[in-house]
1. Hey, L417 hits all of (1) at pLDDT below 95; (2) more than 14 Å from K341 (Cβ to Cβ); (3) not charged (D, E, K, R) but one; which does it fall short on?
2. With the range 120-235 as the region, which strands (runs of 3 or more DSSP E) entirely inside it contain at least 1 residues that are free of Cβ contacts under 8 Å to residues at least 12 places away in the same chain and more than 30 Å from I85 (Cα to Cα)?
3. Within the range 125-143, track down each residue that is under 8 Å from L248 (Cβ atoms) and either surrounded by fewer than 15 Cβ atoms within 10 Å (Cβ to Cβ) or not aliphatic (A, V, I, L, M) (or both).
4. Is one or more of the residues making up the range 83-102 of a type outside the set (A, V, I, L, M) and under 26 Å from L278 (Cβ atoms)?
5. How many residues does the range 283-297 contain that are within 23 Å of K13 (Cα to Cα) and more than 24 Å from the chain's Cα centre (by Cα)?
6. Anything in the range 252-296 that is outside any helix (DSSP H, G or I) and either in contact with a Ser or Thr (Cβ under 9 Å, 6 or more places away or on another chain) or more than 22 Å from G358 (Cβ to Cβ) (or both)? List them, or say none.
7. Against the definition (at pLDDT below 80 and more than 30 Å from T742 (Cβ to Cβ)), how does A649 come out, yes or no?
8. Which ones in the range 63-81 are free of Cβ contacts under 8 Å to residues at least 40 places away in the same chain and assigned to a loop (DSSP other than H, G, I, E, B)?
Amino acid sequence: MNTHTLGVLEYKKIIDKIVSFCRSIPGKRKASNLYPGKDIAAINHSLDLVSEMNDMFEFDGGPPDLEFGDLGIRLEEASSSGTIIEPKELLNYSAFFRIVSECQKIKSKYEKINDLVSGLVYPDSVHGAIDRSIDPSGDIKDSASAELKAMRRELRQVKAKLDEKFEKYLRGDTSAYLSDNIFTIREGRYVLPVREGDKGHVQGIIHDRSSSGATFFIEPSETVELNNRHRELETGERREINRILRKLSEMLYANLAAVKTDVGSLSDLDFIAGCSRLSRRLNATRPLFSDSRKIRINNGKHPVLVLHYADDPLKEVVPLTLEMSEGRNIYIITGPNTGGKTVALKTVGLLSLMAASGLFVPAGENSVFVLFEDIFADIGDEQSIDSSLSTYSSHLNHIRAALEGAEEGSLVLLDELGAGTDPDEGSAIGQAIVENLSRKNCFAVVTTHHGKLKALAGKVAGVVNGSMEFDTDKLRPTYRFLSGIPGSSFAVQIAEKLGMPPDITGRAAELIEKKEQDLTALITELNRKLVELKREEEAAGLNRLKYESLVMTYEEKLKTLEKTEKERKKEQLKKKEELIRKTVSELDRLLKEAKKKSADRTEVRRIRKKVSADLDKTREEIQKLSPLPEGEPARGLPGETVFITGINAEGEVLEPADSLGRVKVRVGNVTMLTDLKKLIKKKEPAPVGVTSVKTDYSPEAGMELDIRGMTFEEAEPIIEKYMMDALNSGLRTVSIIHGKGTGALRKKVQDYLSRNSGVQSFRLGNWNEGASGVTVISLKTD
């Protein structure tokens, strides 16, 4: 694909940015070779990978750190020469294998990325061997082999003995003959620094002499054997280390093919991660491709400008919105200097190149591009003294190449068409070029200052005018693209605003042809009205935002008030319930006293039942403040999933209703009896806001209560209600199923029962009642 100056400059900057975002050397190399493609399936595959990588960064923090070097090439070179790989380099392979292992754990939801890394081979035996043999600093570990461990243990012992002996020399009579009160090592042997005149007083072997000749380095005779063993062990250690390194190297050589495959796969992954980082930096979106020769750029931005101003919150790139299609395939953009014409032209070209390269583009959602066969560009001034090329000549060379190569599937970008020569002749050659491009039916974006080219719209097939908006009041460009409207250079107006003498600007206006004057005046007025309209639109937008913000504020206040009122009512009802609880407690006390005084226990029980009914009513009122799920009344059929009003819990019907209209329902690990009329058939999907909570019980108590799976803190209010209902129902014996487990729940239940005034006695169940997993309770009947 021919991209000429556009490809050499701006496109290369984009590639360089991706390279900087890659972590590995092979990934950087792959990024530097990125080039626009022509296979739509391959491009969409690349876009799928970038899309999944964006999700991985968003939800899982991105892939593992893919920092590694040219390990495949280096290993191949080492293998061919049989070189022993150094410990530091072995650590690089260990780190690489760790990356391989981590990449094999990438979540399965990233299907395309998993396909990319599906061929990874993790040589766990090699990785484990390296990690067992070499520590992070590059030293060989004692655990690398049993032989090395034994040698080093003995070496430490011999060294300790040598240190001890030589310390004695330093503290003993021998110290009088030393030039310095230290011992040192020469040629791997422990020696003493003896003055020249005293060397006869120290029996031993002379190993060295100082440069001044004043000191002899003597190994005492009695340490020769220890020194010999020390040297033997050091030599053996080096030999064993070399053997270990060679073995590790050979293990790597045996896995050369796997390493090269892994480097290839992970460099591809690193490249995709680099493309994703660029996408996120540009706030880019996925491009779509048209099947009907249509380009639609929604709020597209020049990518290099976005990167340039990324860290400057005060600078914002003005977006470009532009559409091209069959019959509207050539844009002629006019307008003043520095108004943004060239940036608009480059934006079209660069975004088309990025899309064809499988990259996300800095544009709005649903931006559509054509996959061009070639992109030709003549942008900038390439005047060359050495090759005797003028500005005009260099432009013509690029344009000639475009005219010779452009076809229906091409995009041609021509900046400042007709510039650099006589204006009339430049306009004529410019018109001829546009007509030629029209006959080829290719896409083209042309910028120019020649007013005559504006008139081609409507006369030459496919030609459409475009311009860059200019604020004539403030004398500055707005950089907004206007489709279908020709622009003006505003040369006279700008000169007048900048203080050019009136006689000069007046004369210049007179020299402009009448038709051109009328057109310029029309364009000026149109620009002024467009700028005013834009300001009014922005003001209206701000007012709408203020209104919406105000509405949201008051809605929030209303919700807060409603919530506060609900909380207030709930608090009142909770206080009332607490009062009733205290009343029940007081009645228990009265009941005890009545037993002692032989009072009317039937009347006390009647009062207690009434208070209990009040408590149930209060609970119902609290529940009314929370919305109930929608649904039809339950039929009470076994297996039916139901919502139980009054306790905000979901359960499953176990048995049909009995003669009293009571249904056995399982809620979690708890089985309970409740009225059929309290059940609502659960809708699918489950009502929002209904959550499983710990259960309360209907007033009609069953013969047993199952609290397995609960903590005592969760079970206590349920037990309390159950016991109250059992007493009110006149039951004599009930059971609480708490399970065996550690016995902690059983102990707390029995502690509670020992304090309950309605309990006559309790015991563990017999073998046919559940044994230690059940507590059987006898209730007081009078």
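The values are calculated or read from the model by the stated rules, or taken from the named source; none is laboratory data. The shown structure was predicted, so the numbers you read here are calculated from the model rather than taken from an experiment. Cβ coordinates were reconstructed from backbone atoms using ideal geometry, including for glycine residues, and neighbour counts include every protein chain displayed. What goes into the accessible areas is simple: the full protein's heavy atoms, side chains included, and nothing from ligands, DNA or RNA. Shrake-Rupley method; radii C 1.70, N 1.55, O 1.52, S 1.80 Å.
1. Failed condition: (2).
2. Of the strands (runs of 3 or more DSSP E) lying wholly inside the range 120-235, those with at least 1 residues that are free of Cβ contacts under 8 Å to residues at least 12 places away in the same chain and more than 30 Å from I85 (Cα to Cα) span 204-209.
3. Within the range 125-143, S133 is the sole residue that qualifies.
4. So the first thing to find is which residues in the range 83-102 are of a type outside the set (A, V, I, L, M), and the list is 83, 86-89, 92-94, 96-98, 101-102.
Of the ones still in play, those that are also under 26 Å from L278 (Cβ atoms) are 96, 102.
Yes; the residues of the range 83-102 include at least one that is of a type outside the set (A, V, I, L, M) and under 26 Å from L278 (Cβ atoms).
5. 1
6. Once the filter is applied, which keeps residues that are outside any helix (DSSP H, G or I) and either in contact with a Ser or Thr (Cβ under 9 Å, 6 or more places away or on another chain) or more than 22 Å from G358 (Cβ to Cβ) (or both), the range 252-296 yields N255, T285, R286, P287, L288, S290, S292, R293, K294, I295, R296.
7. no
8. Matches in the range 63-81: P64 only.
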